[in-house]
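Nothing in this text is a laboratory measurement; each read-out follows from the coordinates by a stated rule. The model shown is predicted, which means the values in this text are computed figures rather than measured ones. All Cβ positions, glycine included, derive from the backbone under ideal geometry; neighbour counts span all protein chains shown.
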Amino acid sequence: VAMLAALRHQELISGLAVVDMAPRGYPPSTSDELICAMRDLNLGNIHSRAQAEEALLRAVPQAALRQLALQNLRLEGQSYRWEPNIDLLAASMETIRAWPQTSARYLGPTLWLRGANSAYTDDSDIESMRRHFPNVLAVVIPHAGHQLHVDQPQMTVAALNGFAAQLET
């Protein structure tokens, strides 16, 4: 979403940080599974976050993904609800994963962080990043997969803060 916003509305974006995504379409993934598991969870039977995590365990074996989902679980009165519109997300995953055909370029400063062990990006993606974002600075975070903020939080925050500080000067 952020990449497309920068390509379509350059005048509104002073700098762009992209974290472990590339300007291309993606096949179905664990994100789809996570959204479906969240949608299928019967929140009427959930009385604690621990119970919600237990209920998600079979469909979402990765602890980090379950924790990501649970960050979006809200208690309202005596019942839980998901903060995002899960039904809309589930119905929109194909569109969310897609990348439109475009020759647009964002000429502002761009930081592209990617995990060295990520299944979402690899070295070949730099070509498409440079095509759409010619002022890209590519930074590979070692010992990190797709969830850089979970695998290497200090390195990820340091890179983002450094980039933000450069934008302020």
I want to check the label-to-label distance for Ser29 and Asn161. Put each point 7 Å from Cα in the C-beta direction and report it in nm to one decimal.
2.7 nm
Would you mind giving the average projected area, over all directions, of the Cα convex hull of the chain in nm² with one decimal?
11.2 nm²
Just grab the label-to-label distance for Leu70 and Ala91, each label 7 Å out from Cα along the Cβ direction, in nm (one decimal).
3.0 nm
List the residues whose amide H sits under 5 Å from the amide H of Leu137, counting only those 5 or more places along or on another chain, with H placed 1.01 Å from N in the peptide plane.
Thr110, Leu111, Trp112
Show me, for segment 12-23, the HN-Hα J-couplings you get by feeding each phi into the Karplus relation (A = 6.51, B = -1.76, C = 1.60, θ = phi - 60°), rounded to Hz, glycine and proline as x.
9, 10, 8, x, 10, 10, 10, 10, 6, 9, 9, x
Using θ = phi - 60° and the Karplus curve 6.51 cos²θ - 1.76 cosθ + 1.60, what whole-Hz ³J(HN,Hα) does each residue of segment 136-142 get, with Gly and Pro shown as x?
7, 10, 8, 10, 9, 8, x
Just to be sure I understand: with springs between alpha-carbon atoms less than 10 Å apart, which residue in Ala22, Ala50, Ala64 has the highest mean-square fluctuation in the Gaussian network model of the chain?
Ala50
To the nearest 500 deg cm²/dmol, what mean residue ellipticity at 222 nm is calculated for the chain from DSSP H runs of n ≥ 4 alone, each contributing -39,500 (n - 2.57), summed and divided by the residues?
-12500 deg cm²/dmol
Could you tell me, in Å, what Rg and Dmax come out for the Cα atoms of segment 100-169?
12.9, 35
